[in-house]
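The values are calculated or read from the model by the stated rules, or taken from the named source; none is laboratory data. What you see is a predicted model; the values in this text were computed from it and never measured. Cβ placement follows ideal geometry from the backbone for every residue including glycine, while neighbour counts extend to all protein chains displayed. Side chains included, ligands, DNA and RNA excluded: accessible areas come from the protein's heavy atoms. Shrake-Rupley method; radii C 1.70, N 1.55, O 1.52, S 1.80 Å.
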Amino acid sequence: MCFKKLAIVFLLQLSFSLCNGQSVLLTHGVDTSAGDGLTYIITTSSAVYYLEKEGGGLSSMMDRDGIDWIGFHNKKGSGWKGEYRGFPNAIHRQDGNYFHAMNDGTEPSTSVIEIESQNHVRIVFTSNNEQWQGQWDFYPDRCDFSMIKVSAGYKYWVQYEGVPGGEMDSTDFWYSSANTKKHPIEEPFFGDLPAPEWMAFGDENSARMLYMLHHEDDEHPDNFVSRPYMTVFGFGRQNKETTSKFLSTVQTFSIGFVESTEYSVISQAIRRILD
């Protein structure tokens with residue numbers, strides 16, 4: 001689906017929700033841009049999220065202009081161009097493969113809607129081996145993902161693998177809690193982000209940025225590398241090996257848009273989430 005059509009979908013859904021006094025609206029449908037997977041569609045004043053019902057991960061995340069900052073597609077063999085993308089992409093070869101938009105390697109989960117109100121939608125996913133649970137909370141300004149059950153003896157990471165501004169290119173950049181410097185997208189990051197742990201991605205052609213926030217501070221490595229067609233940023237990640245996952249307890253993470261590209265504005269918006 002082209003950006004223009006996505007923008008129209010966003011505006012229609014947003015108009016409907018606002019007319020009915022809702023700032024968070026849950027509907028059901030398919031993500032045509034991702035390969036027609038069945039999804040929960042959560043429309044807020046800042047974004048539209050497509051949460052796959054079988055895989056338990058985000059396949060698309062549209063901004064106010066109808067641009068998708070994830071760009072998942074389930075075509076086998078598409079790799080960085082589609083099938084690897086998503087959020088949180090958390091469980092990889094650790095007592096299963098769960099909470100990723102459904103590709104050839106993802107195993108299914110089941111879901112239950114626990115809260116559906118005007119300002120809050122909660123959906124809980126349980127892996128088909130019943131050893132993992134992921135909780136999704138959607139608010140007007142952001143989405144929270146919490147790993148609320150961890151398979152004993154196993155570890156996970158939480159990742160944003162996507163396309164800032166709709167396409168991965170040299171106009172992309174990132175900020176983080178490590179310093180106030182604006183970094184080109186080609187520059188990697190290795191190490192433990194200082195509290196509050198966050199990283200934000202932008203595009204020179206966009207007036208907004210997408211951020212990821214880890215609510216709990218830790219001393220585990222966080223890692224960002226750019227690929228030819230997508231970002232790879234992970235909390236509790238050192239590299240792509242199965243032994244490089246470090247998270248093993250209940251943790252919460254946020255993802256959302258900030259309508260600014262100024263470091264100070266983004267930092268303040270993130271700190272308000274934790275207040």
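Within the range 129-188, how many residues turn out to be closer than 16 Å to ALA90 by Cβ and hydroxyl-bearing (Ser, Thr, Tyr)? Looking only at that region, the number is 5. Take SER127 and tell me if it is buried (at least 16 other Cβ atoms within 10 Å of the Cβ) and over 30 Å from SER260 (Cβ atoms). Considered against the rule, which asks whether it is buried (at least 16 other Cβ atoms within 10 Å of the Cβ) and over 30 Å from SER260 (Cβ atoms), SER127 comes out as yes.
In the range 116-123, is there at least one residue being farther than 25 Å from TYR84 by Cβ and open to solvent by less than 10 Å² (accessible area, probe 1.4 Å)?
Of the range 116-123, the ones farther than 25 Å from TYR84 by Cβ are 116-122.
So of that shortlist, the ones also open to solvent by less than 10 Å² (accessible area, probe 1.4 Å) come out as 121.
There is at least one residue in the range 116-123 that is farther than 25 Å from TYR84 by Cβ and open to solvent by less than 10 Å² (accessible area, probe 1.4 Å).
Is it the case, given these coordinates, that THR180 is surrounded by fewer than 18 Cβ atoms within 10 Å (Cβ to Cβ), part of a loop (DSSP other than H, G, I, E, B), of a type in the set (Ser, Thr, Tyr) and touching a residue at least 60 places away in the same chain (Cβ under 8 Å)? Taking the combined requirement at face value, the residue does not satisfy it. Mind checking whether some residue in the range 242-257 is at pLDDT 95 or above, under 25 Å from GLY66 (Cα atoms) and open to solvent by 10 Å² or more (accessible area, probe 1.4 Å)? Within the range 242-257 (the criterion being at pLDDT 95 or above, under 25 Å from GLY66 (Cα atoms) and open to solvent by 10 Å² or more (accessible area, probe 1.4 Å)), the answer is yes, since at least one residue qualifies. Pairs meeting the criteria (first residue in the range 119-138 and over 21 Å from TYR154 (Cβ atoms), second residue among the polar types (S, T, N, Q) and assigned to a loop (DSSP other than H, G, I, E, B), beta carbons under 7 Å, at least 6 apart or on different chains) are ASN119/SER23.
Here SER264 passes the criteria (1) touching an Asp or Glu at 6+ places or on another chain (Cβ under 7 Å); (2) open to solvent by 10 Å² or more (accessible area, probe 1.4 Å) except the one numbered (1).
Consider the range 231-270 and keep the residues that are touching a residue at least 24 places away in the same chain (Cβ under 8 Å) and among the charged types (D, E, K, R). The one that is farthest from HIS215 (Cα to Cα) is GLU259.
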